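A.B. asks: First the structure, which I've put down as structure tokens, then a few questions once you've had a look.
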Amino acid sequence: MPALAPAFPWSALLPSSGPDVEEIRSHEEPGLDRARALDRFLSSVEKRAFRIARIALKHDEDALDAVQDAMLALARRYGARPSEEWRPLFYRILQNRIRDCQRRRMVRERLLAWLPTNLDEPQQDDALESVPDLRPEPADRLAADEAMRLLEHALTALPRRQQQAFMLRVFEGLDTAQTAVAMGCTEGSVKTHYSRAVHALREQLGAAW
Amino acid sequence: MVSSSYLETSFERRAQALFDRSVEQLDARTRSRLTQARSAAVEEAHKHAGLRRWVFRPAGALAAASLAALALVLWRAQEPQPLVTSADELEVVVGAESFEMLENVEFYAWLDQR
């Protein structure tokens, strides 16, 4: 904490706005400042995190739950840690939530295989989402949608660790060290998984992609 | 959008561009759910920060007080012990008879030799 005399009303000497005021206020209210920093951080990663979870889980609600759990866990456990550490920690938590969800699904599927009737409730889709979009779409937009669909399909066919390494490196832009923290492994393992993932995706998608 | 300068091949850069595009196309319902989740997390962080203040500050004060008490006890233990340690000894020292004895100490010394 910088050495500001606590009894002296520094803010009375400053204008009511501007970066200096924000700095002084941030020292006066560290809890509030951290909450704002956390809000900014989560805002910067939430959509990408959702898409990564959605690709891994292939289910909107499960992906939203995983992201929400990861946000809460980060806030509870690591909210007081330096903000530079948040990104790899957040993705590590998210990867754990994704893995937990996949395991629960496997157990549920095994249990349901023993039952005479299928008790698994189908996902309730929003009626509006099922209405076809009849607007004409430009060819390049359709081509990009199709390319992303193929990439997602190819990614889901990869082994889990290769899939994680590719998505964290390419989609989220983590460097090798941050990816290692997020995956809970060494940087050497990250390089191996990533290299294999790129090779496998290239083969699967072919030259046309 | 994430910087793509570290990506080596056009394959990787294309994959990233397609992903960025798909992120931008997220529907309003999903965006709204994510905003709600974020607000809940920030609220949680604020609550935990408050809890830490209420739990750890008194705990810190208690630890400081315990340390101060311990330091005081150790300091007192190192002080030189007083020559008179009991009430009986004090009485002997301050008693009027003792002063009389001191005045006739030569007589008592002679008596002792006899």
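No lab work stands behind these numbers, since they all come straight from the coordinates. Bear in mind that the values here come from a model prediction, so they are computed numbers and not experimental data. Quick reminder, even Gly has a Cβ in these numbers, built from the backbone with ideal geometry, and neighbours come from all protein chains shown.
A.B. asks: Take residue A:32 and residue A:196, extend 7 Å from each Cα along the Cα→Cβ direction, and tell me the distance between the two endpoints in nm.
C.D. replies: For the pair residue A:32/residue A:196, the computed spacing is 5.1 nm.
A.B. asks: Separate question: At a 10 angstrom cut-off on C-beta neighbours, averaged per residue, how do the peptides B:31-44, A:95-108 rank from highest to lowest? List each step's numbers first, then the result.
C.D. replies: On the way: B:31-44: 17.1, A:95-108: 14.9.
The densest-packed peptide leads the list: B:31-44, A:95-108.
A.B. asks: In what order do A:181, A:67 fall by count of nearby beta-carbon atoms within 10 Å, going from fewest to most?
C.D. replies: Least to most surrounded, the residues fall as A:181, A:67.
A.B. asks: Additional query: Please compute, for peptide B:30-40, the average count of beta-carbon atoms on other protein chains lying within 10 Å of each residue's beta-carbon. List each step's numbers first, then the result.
C.D. replies: Numbers: counts 9, 3, 0, 8, 11, 3, 2, 11, 11, 3, 4.
Neighbouring Cβ atoms belonging to other protein chains average 6 per residue here.
A.B. asks: Separate question: Using a cut-off of 9 Å between beta-carbons, work out the net charge of the residues near residue B:23 (Lys and Arg +1, Asp and Glu -1, residue B:23 not included). Mind dumping the intermediate values first?
C.D. replies: On the way: positive: A:47, A:48, A:51, B:21; negative: B:20, B:24.
The answer is +2.
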